[in-house]
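Chemist: Structure below; questions to follow.
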Amino acid sequence: MRIFVNLMFIMLFATVIACTGKTTQAPGTAASGSAQSGKVKLYSATTKGYIMSDKVVKSPGEWRTLLTPEQYHVSREQGTEQAFTGDTWNNHEVGIYQCVCCGNDLYRSEHKYESGTGWPSFWQPIAPENITTRADNSLFSRRTEVLCSRCDAHLGHVFDDGPKPTGLRYCMNSAAMKFVKTP
Ligand SMILES: [Zn+2]
C-alpha cells in the first residue's frame, strides 16, 4: 500500500512538471507564431504581380551564419553603414534592389536618385506592401525606420525631404540590400 501511494505521488509530481513545462513553452510558441510568422502579401518583380509569401523568421545565430558581420550589424542590429562606403550608393545600373536577408524585392533602379548623402536613396519602394515602417526615437531624434516586410530586416529610414512626385527620401543601407541586374 505504501509503495502504491508513493508511486501515485511520483506520478502526480511528474504530471505537474509536464504541465508546467508545457505552460512555459506555449506562450513563447504562440507569440512567435502570431507576431512573426505567417503569410505576407508581397509584390514580386519576377512574376510581375502579388504573391503570398511565408514570413522569414530566424534566430540571431542563424542570421550570423548567412550574413557578413557588416550585413548582420545593419540589418539585424539596426546599424548604419558609413556614408559613401556601401556598394550601391553610386550604382547606376538597371535592376532590382532586394533584401540581403531574404531576397524580398525592395526598390527599382528607376526610383533611385542622387541624394548626395552617400547612401542609396529612392523616392518610392517597389510596392508599399514590401516594406514596413515604424517610429524610431533612438539617437535623440524622431525618425521613421524602414524594414523588410518579409523578414523584418532593418533597411534604413524614410524622410520627407525627397524629390517629386512623392517628396519622400528612402535612405537605405547598401549592406542591407543586394542588387540584381535586370536585362
Ligand atoms: Zn527581408
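Chemist: Find the residue count for the range 166-179, including only residues that are more than 17 Å from residue 87 (Cβ to Cβ) and in a loop (DSSP other than H, G, I, E, B).
Modeler: Qualifying residue count for the region: 3.
Chemist: Scanning the range 60-88 for residues that are in a loop (DSSP other than H, G, I, E, B) and not polar (S, T, N, Q), which turns out farthest from the ligand (Cβ to nearest atom)?
Modeler: Applying the filter and picking the extreme gives 84.
Chemist: While we're looking at this one, here's another question. Count, please, the residues in the range 137-165 that happen to be at pLDDT 95 or above and either more than 16 Å from the ligand (Cβ to nearest atom) or part of a loop (DSSP other than H, G, I, E, B) (or both).
Modeler: Count: 16.
Chemist: Can you tell me which residue within the range 89-102, out of those that are away from the ligand (no atom under 16 Å from the Cβ) and in a loop (DSSP other than H, G, I, E, B), is nearest to residue 156 (Cα to Cα)?
Modeler: 89
Chemist: Tell me yes or no: at least one residue of the range 103-112 is farther than 19 Å from residue 84 by Cα, of a type in the set (D, E, K, R), in a loop (DSSP other than H, G, I, E, B) and within 16 Å of the ligand (Cβ to nearest atom).
Modeler: Within the range 103-112, not a single residue is farther than 19 Å from residue 84 by Cα, of a type in the set (D, E, K, R), in a loop (DSSP other than H, G, I, E, B) and within 16 Å of the ligand (Cβ to nearest atom).
Chemist: Cβ contacts < 7 Å: first residue in contact (Cβ under 8 Å) with a residue 12 or more places away in the chain and more than 15 Å from residue 147 (Cβ to Cβ), restricted to the range 84-110; second residue of a type in the set (Asp, Glu) and within 16 Å of the ligand (Cβ to nearest atom), any location; separation 6+ or different chain. Result?
Modeler: If the second residue must be of a type in the set (Asp, Glu) and within 16 Å of the ligand (Cβ to nearest atom), the pairs left are 96/105.
Chemist: Further question: What about residue 57, is it assigned to a helix (DSSP H, G or I), of a type in the set (A, V, I, L, M) and within 11 Å of the chain's Cα centre (by Cα)?
Modeler: It is false that residue 57 is assigned to a helix (DSSP H, G or I), of a type in the set (A, V, I, L, M) and within 11 Å of the chain's Cα centre (by Cα).
Chemist: Further, regarding this structure: Please determine, by comparing only the residues of the range 36-52 that are surrounded by 12 or more Cβ atoms within 10 Å (Cβ to Cβ) and touching a strand residue (DSSP E or B) at 6+ places or on another chain (Cβ under 7 Å), which one is nearest to residue 182 (Cα to Cα).
Modeler: 45
Chemist: I've got another one for you. Taking interchain pairs and intrachain pairs at least six residues apart, which have beta carbon atoms under 7 angstrom, with the first residue in the range 156-183 and more than 14 Å from residue 118 (Cβ to Cβ) and the second assigned to a loop (DSSP other than H, G, I, E, B) and of a type in the set (S, T, N, Q)?
Modeler: These pairs meet every condition: 166/124; 168/124; 177/88; 179/88; 179/91.
Chemist: Mind checking whether some residue in the range 77-92 is of a type in the set (Ser, Thr, Tyr) and touching a Lys or Arg at 6+ places or on another chain (Cβ under 8 Å)?
Modeler: No.
Chemist: Hey, can you tell me all the residues within the range 166-183 that are within 16 Å of the ligand (Cβ to nearest atom) and in contact with a strand residue (DSSP E or B) (Cβ under 6 Å, 6 or more places away or on another chain)?
Modeler: 170, 172, 173, 176, 177, 178, 179, 180
The values are calculated or read from the model by the stated rules, or taken from the named source; none is laboratory data. For clarity, every value in this text was computed on a predicted model and none was experimentally measured. Using ideal geometry, Cβ is built from the backbone for each residue, glycine included, and neighbour counts are taken over all protein chains shown.
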